[in-house]
1. Sequence gap at least 6, Cα distance under 8 Å: using those rules, report the relative contact order of chain A to the nearest whole percent.
2. Can you give the three extents of the C-alpha atoms in region A:4-89 along their principal axes, from longest to shortest, in whole Å?
3. Quick one: compute the contact order of region A:1-92, relative version, from alpha carbon pairs under 8 angstrom and 6+ residues apart, as a percent.
4. Sketch the reach of a paramagnetic label on A:Asn170 as a point 7 Å from Cα along Cα-to-Cβ, and name the residues of region A:117-149 whose backbone nitrogen lies under 12 Å away.
5. To the nearest 10 degrees, how steeply does helix A:4-31 sit against the main Cα axis of chain A, on a 0 to 90 scale?
6. Which whole-number percent is the relative contact order of region A:155-200 (Cα, under 8 Å, 6+ apart)?
7. Taking Cα centroids, how far is region A:19-87 from region A:135-161 in Å?
8. Compute a Gaussian network model of chain A, connecting alpha carbons closer than 10 Å, and tell me which residue from A:Ile58, A:Ile175, A:Ile16 fluctuates the most.
Amino acid sequence: MIPASQLAQWVQLANISQYLSEDDNAKQSIMQWGPYRGNIRLPFLLGFYADIVNWASIPYVGTEPLDIVATYMYTLMGKYLAQASSILGNATGTVIAPGTPASGSIIKASFDQFTVGQAGALMNAGDISLQLNYPKAQANTVTVEINNVPLTYGALTDQLSYTVVYNATNFVVTIYNGSPNEGVQDGWLIAIRSLYQQTV
Amino acid sequence: MATYSKTEVVVLPNNMYQFLYSLSQQIANNPSVQSIPNYEQNVAAAYNSLNEAKTAGLYSDQTAAQMAINRFNAIQNNQVILFQ
């Protein structure tokens, strides 16, 4: 017989799996450029069974019919079970802050975001490079996004890309936009992230 | 229009759940019933009526609750046709 505590956990897993399968369907319909019919019933069945098992777990816990229904719900979760378990296990969330030593240096994260052409933007239309004054940035940690899409690293002429020069007191980002390089354009939302060392 | 007491707002969905629980057993025992034409749509319609009745009861919307309950009763009364 399946105990009430396990039923409660399965209901939570089924609810998460419902969202995961719905998300999967949405991704598939984007890829296939139209409605995806393969598993369209699964999200409904998962939500339906989660609700029914949740209700039945009070009056019918420990009875064979409920065990059969709950086990069937468990099999419906299938490939989503692993991810659902992971999400359920992390439900409370954890923030890990770096330790601060008495002396030496700590790693900090930088984040700069701006829209080219707007007041306060760090780059103007046509600009190619930008210097950010974060000391001792760690090599290979600077990333650039334009309109929330990560750029490819390298001095490429056939697509948008960027390179970074790391110096002791700053780093310089160069953005490549075609050949000749036309630089950044008005309206681009640019985000630059890095990890750097700060002496304490 | 009928007026429901708070007790009935709880009891009515409970009866709906009871019926849907029997349907869920039918599917779990024999998943191939889902291939009966419109079987799942009818389960979905019954389930939606339950949710509408619950929501309507929550907001004391007697008209909406009555409509949802009527629809659910019609499905339940025709279960021989709809689910077999």
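The values are calculated or read from the model by the stated rules, or taken from the named source; none is laboratory data. Note that the structure is predicted; figures quoted are calculated from it, not measured. Glycine gets a Cβ as well: all are built from the backbone with ideal geometry, and neighbour counts include every protein chain shown. Ligands, DNA and RNA are stripped out before the accessible areas are found, and what is left, the full protein with its side chains, is counted by its heavy atoms. Shrake-Rupley method; radii C 1.70, N 1.55, O 1.52, S 1.80 Å.
1. Details: 330 pairs, mean separation 43.5, N = 200.
Relative contact order for chain A comes out at 22 percent.
2. 46, 25, 16
3. Working: 86 pairs, mean separation 42.2, N = 92.
Here the relative contact order equals 46 percent.
4. So the set is A:129-135.
5. The helix A:4-31 is inclined about 50 degrees to chain A.
6. Details: 44 pairs, mean separation 12.8, N = 46.
In percent, rounded to a whole number, it is 28.
7. 40 Å
8. A:Ile58
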